Each structure stands twice: as structure tokens, then as C-alpha cells.
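Notes to accompany the following structure.
Just so it is clear, none of the values below were taken in a lab; they were calculated from the coordinates. Here the structure is a predicted model, which is why all the values come from computation and not from measurement. Reconstructed Cβ throughout: ideal geometry from the backbone, glycine too, with neighbour counts over all protein chains shown.
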């Protein structure tokens with residue numbers, strides 16, 4: 001979901017900040033020894049995007065900008081990733 005007058009940042013070589021953080025957190029969740037709920041994953045994604053990413057643009061008004069995803073859910077059931085019995089390694093994202 002987007003909001004008029006706001007931006008969603010994307011690195012031209014590495015892609016969307018949100019999708020990068022989401023794929024990282026999903027991989028961690030799938031190799032976790034404990035169950036992980038989808039809302040926990042999305043909360044970690046929000047934190048990662050907010051704290052770990054910052055724009056680097058040639059135009060000064062677009063430089064050093066941040067992004068914070070907004071979580072909104074209409075889920076009626078929990079989505080839980082079961083604990084992993086073996087670690088996931090060498091996954092290309």
C-alpha cells in the first residue's frame with residue numbers, strides 16, 4: 001500500500017528494501033529451531049527497513065531518507081512457521 005506524497009525506496013541493483021528484508025527474515029524463520037509467527041516476521045522486517053536502510057541519492061533532497069513499512073492485517077488466523085529440523089544453507093535470493 002502506498003500513500004500519496006511518500007516514496008517506497010528501491011536499490012537499482014539489489015531491489016526493494018522491503019522485499020530484501022522480508023526474504024532475509026523468512027530465511028531466518030525457516031531455519032529457526034522454534035516456531036515463528038508471521039506477525040513476528042513482519043515486525044522484524046519493519047525494524048530492519050527502518051534502521052538498516054537509508055537512501056543514497058545524487059539529488060540532495062532525496063539523499064539520507066528513511067522508510068518505515070506500515071503493517072495492516074485482516075488475517076483471522078495465525079500463520080506460524082514450524083521449527084526447522086535442519087538449517088537452510090546456500091539459498092540464492
Using only Cα atoms, tell me the angle between helix 17-30 and the longest principal axis of the chain; keep it within 0 to 90° and round to the nearest 10.
-> 10 degrees
Expressed as a whole number of Å, what is the distance separating the alpha-carbon centroids of region 10-27 and region 55-77?
-> 12 Å
Full-stretch length increase - residue 57, residue 14 - with 0.36 nm per residue and alpha-carbon distance subtracted = 14.0 nm
Residue 42 versus residue 71: modelled label distance in nm, points set 7 Å from Cα along the beta carbon direction = 0.7 nm
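Using just the Cα positions, wrap region 10-69 in a convex hull and report its mean projected area in square nanometres, one decimal place. Each step should come with its number before you reach the end.
Working: hull surface 17.6 nm².
For region 10-69, the mean projected area of the Cα convex hull comes to 4.4 nm².
Tell me the relative contact order for the chain as a rounded percent, counting alpha carbon contacts under 8 Å between residues six or more apart. Mind showing how you got there, number by number?
Working: 99 pairs, mean separation 31.0, N = 93.
Once divided by the residue count of the chain, the mean separation gives 33 percent.
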